[in-house]
Structures are given as C-alpha cells and as structure tokens.
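Here the structure comes first, spelled out in structure tokens, and everything after it is commentary.
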Amino acid sequence: MASKTKAQIDYKKQFESINKQFQTFQILNEEGKVVNESAMPDLTDEQLQELMKRMVYTRILDQRSISLNRQGRLGFYAPTAGQEASQIASQFALEKEDWILPGYRDVPQIVWHGLPLYQAFLFSRGHFQGNQAPEGVNVLSPQIIIGAQYIQTAGVALGIKKRGQKAVAITYTGDGGTSQGDFYEGINFAGAFKAPAIFVVQNNQFAISTPVSVQTAAETLAQKAVAAGIPGIQVDGMDPLAVYAAVRDARERAVNGEGPTLIETMCYRYGPHTMAGDDPTRYRTSELDDEWEKRDPLIRFRKFLEEKGIWNEDMENEVIEQAKEEIKDAIKKADEAPKQKVTDLISIMHEEMPYNLKEQLEIYKEKESK
C-alpha cells in the first residue's frame, strides 16, 4: 500500500487568509456614532438630509404598499423595510446617466432614479404600462427570475463601455441569488471584459426561508468576487454612509476603466419575503428579529443627524405626510390606467409583428369588440 503523501497546501490557512480580507466595512455604528472618520463620504448637510428624507419616505411607501396589497389594490409585492440603507444609499451614489437593473424587491431604487410612482404600482399589478419607463429614465423593469439581472447587467455595462460613456450599470440580488448560475456567469463576464458594472448582493440572511449558512460554505458572499478576478467588499448594509461610500468608490473605479465590483450589504428584511403567503415566523426567531431591529438604518441615521443638529421630529413628520399624500395620488392615477387588453400586449410585443401574432390579433380584436 502506498504511503499517504503530505498535502502541499495548508488549506485551512489559505481560507483563513482569504476570510481576513473581507471584514465588514462600517462608518456609523448602531448608536449613530462615526467609527471610521477617514472613510466619511463628502456629503453636505443638505445631501445628508435628502438621504434621510428618501429613507423615511421609502419606509412609509413600504407600509402603504403592504396595506394596499392586503386590500387587493396591488399585486405582487416584496417588502423592503430594513433594507433602506442598502437600497436608497446605493442609488443616492449614482448619477442620472447610470442604469439600474433591479430585482423584484428593488422598486424603491428605480422610483428614486426617476420612474413615476404610479408606474411602480402598475408594475405590481402586472400592467404593461408599469414597464414603460419614461425617456431618459435609465431603468429596466424589476427582474422576477432570480439572478437573471446579473447577466443582463454585464451586457448593459459592456454596451456602455463600447459606447465610451462615463456611466455604470448597477444591479441587485439577494443572498439566494448568489446560489444561481447566472450570478457567476454575470460577474465572470463583466470581469473578463472590465465592464463598468456594480453587482450588489443584499444579504438579508434568508433566501425566502433558507439561511445563508445552508446556501454556501463561503464565509462571506463578497469573497465570491475572488473567483471572477474582481474586487469584492462586505458592507454594513444598515449603515447608509458605508453603503454610499462603497458604491461611490465602485462607480469611480468603473468609469475610470477599472472594471466591476461586487458589494455585499449585510442587512435584514423585517417583513416576509413577499406578500404571497410567506410566514417568516416559521424560520426566524423573535430573538433574531430583535437583534436586527436594534440596527434599524432609520434609527441609526436619525441619531447621527440629530447629533449634528440637522434633523428633528418635525422634519420627519413633514416627510411622512408628504409620502402619504403622494402615494395616495399615485395609486389614484394607477387606478385610472386603461384596463389591460390582450390586443395591447400583442401590439407592443414586437417591432414588426410576425404572421402568427397578426392572426391572433384579429381573433382577440373580435373577442374584445363584443
């Protein structure tokens, strides 16, 4: 029997070395105190206030959307409470010319990027007008297929590069999305071509009901960037300043021709995965919920701004009332949209309609005329 040879590589030490390189990047701690002064982004008081306004508005939008869904006035909806810092601060770091390719939970980003709110409501209802972004609003419709937006983002980013534009394409998925083949294909393609892309993984700890520890043996999701030869960073996703700084840095790298970045934001969704029957109490403990509620991004950022003397209760209440009024107006406008017809869908499906659809169009025209 041949003698057992000694391993040439200390695999344990190799993994320890990799894991040490992916420590969580943070600027504000849970008490709203700055713990990383050198990383503070260059934001004016007015910009800090605007970021807070958008986060508060988005929390109200989430609450109202859940209520509207329960009333039967919205269709598919994935709650966002708890992920405002990850979502809103990342979009805040972009420029108008940048493209957003969202997942199904990422409606707030495309609304703040310019998609009218009533169209976001129409998207939830499955109405085709909800997918028709106005000219100059660089967003795609939220992707329902988990991870597919990563491949699409690699393509959009390569197109940006070929056109010589100073812009980026950013996309989002959850921790579950990193278990999909599309995730690896997207980051690998973008890395190989140095495409100006930003890949955000919003690690809210559970892919529907499956914890991250069951999905992968990797210590962090950020380190998956190593295999694609691109930079990766893990960020405190409940810290809006850290998220903003990480995305802004990734954008600068991308427009300067240095290629894509993978950003893992550590966050938590306080509600269910979607409003389609998920019950998080079946796979999450109340102790875990309590632990993450202490890290609430709105509470943390509010403390920071109040300490600076640039935020108060009256300002927050004003934003809340504004959000309620605008949401009411937007849902009313969505209600006024014409009822969707099969002929509408057939007519807008192709630039040049194929013969088989022409036949179907005539059939449905006759049906709809009765």
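Considering segment 120-177 alone, what residues qualify as being farther than 25 Å from Gln234 by Cα and charged (D, E, K, R)? Within segment 120-177, Arg125, Glu135, Lys161, Lys162, Arg163, Lys166 qualify.
Only one entry of Ile60, Ile66 meets the criterion of being aliphatic (A, V, I, L, M), surrounded by fewer than 20 Cβ atoms within 10 Å (Cβ to Cβ) and touching a Phe, Trp or Tyr at 6+ places or on another chain (Cβ under 8 Å), and that entry is Ile66. From the list Gly277, Gly309, the one residue that fits, being over 28 Å from the mean Cα position of the chain (by Cα) and exposed (fewer than 11 other Cβ atoms within 10 Å of the Cβ), is Gly309. When we screen Asp249, Asp236, Asp182 for residues that are under 18 Å from Phe92 (Cα atoms) and free of Cβ contacts under 8 Å to residues at least 60 places away in the same chain, the only hit is Asp249. Inside segment 280-305, residues that are surrounded by 14 or more Cβ atoms within 10 Å (Cβ to Cβ) and in a helix (DSSP H, G or I) make up a count of 13. Among the residues of segment 14-35, are any assigned to a helix (DSSP H, G or I) and either β-branched (Val, Ile, Thr) or closer than 26 Å to Ala120 by Cβ (or both)? Looking through segment 14-35, at least one residue is assigned to a helix (DSSP H, G or I) and either β-branched (Val, Ile, Thr) or closer than 26 Å to Ala120 by Cβ (or both).
Does Ala337 count as surrounded by 17 or more Cβ atoms within 10 Å (Cβ to Cβ), farther than 18 Å from Asn204 by Cβ, among the small types (Gly, Ala, Ser) and in contact (Cβ under 8 Å) with a residue 40 or more places away in the chain? Let's see the steps before the verdict.
Numbers: surrounded by 17 or more Cβ atoms within 10 Å (Cβ to Cβ): no; farther than 18 Å from Asn204 by Cβ: yes; among the small types (Gly, Ala, Ser): yes; in contact (Cβ under 8 Å) with a residue 40 or more places away in the chain: yes.
Spelling it out, it is not the case that Ala337 is surrounded by 17 or more Cβ atoms within 10 Å (Cβ to Cβ), farther than 18 Å from Asn204 by Cβ, among the small types (Gly, Ala, Ser) and in contact (Cβ under 8 Å) with a residue 40 or more places away in the chain.
All of Gln21, Gln26 fail the test of being surrounded by fewer than 23 Cβ atoms within 10 Å (Cβ to Cβ), more than 23 Å from Thr153 (Cβ to Cβ), at pLDDT below 95 and not assigned by TED's automatic domain parsing to the domain that holds Glu321, apart from Gln21. Leu74 fulfils the conditions (1) within 18 Å of the chain's Cα centre (by Cα); (2) farther than 16 Å from Phe301 by Cα; (3) among the aliphatic types (A, V, I, L, M) except for a single criterion, (1). On the stretch given as segment 344-370, residues that are in a loop (DSSP other than H, G, I, E, B) and either among the β-branched types (Val, Ile, Thr) or closer than 21 Å to Asn131 by Cα (or both) total 4.
Can you give me the number of residues within segment 196-210 that are of a type in the set (Gly, Ala, Ser) and farther than 17 Å from Trp292 by Cβ? Outline the logic, then answer.
The initial filter retains those residues of segment 196-210 that are of a type in the set (Gly, Ala, Ser), namely 197, 207, 209.
Retained after the next criterion (residues that are farther than 17 Å from Trp292 by Cβ): 197.
The number of residues fulfilling the criteria is 1.
Meeting the requirement of 2 or more residues that are buried (at least 24 other Cβ atoms within 10 Å of the Cβ), the helices (runs of 4 or more DSSP H) wholly within segment 156-249 are 181-192.
Gly114 passes every criterion in (1) surrounded by fewer than 23 Cβ atoms within 10 Å (Cβ to Cβ); (2) within 13 Å of the chain's Cα centre (by Cα) apart from (2). Looking at segment 126-136, can you tell me whether even one residue there is in the same structural domain as Phe199 (by TED's automatic domain parsing), part of a loop (DSSP other than H, G, I, E, B) and either of a type in the set (Lys, Arg) or within 16 Å of the chain's Cα centre (by Cα) (or both)? So far as segment 126-136 goes, no, none of its residues is in the same structural domain as Phe199 (by TED's automatic domain parsing), part of a loop (DSSP other than H, G, I, E, B) and either of a type in the set (Lys, Arg) or within 16 Å of the chain's Cα centre (by Cα) (or both). Please verify whether Leu68 is in a loop (DSSP other than H, G, I, E, B), under 22 Å from His273 (Cβ atoms) and in the same structural domain as Ile310 (by TED's automatic domain parsing), treating the condition exactly as stated. No, not satisfied.
The values are calculated or read from the model by the stated rules, or taken from the named source; none is laboratory data. Note that this is a predicted model, so its numbers are computed, not measured. Here the Cβ is made from the backbone with ideal geometry for all residues, glycine too, and neighbour counts use every protein chain on show.
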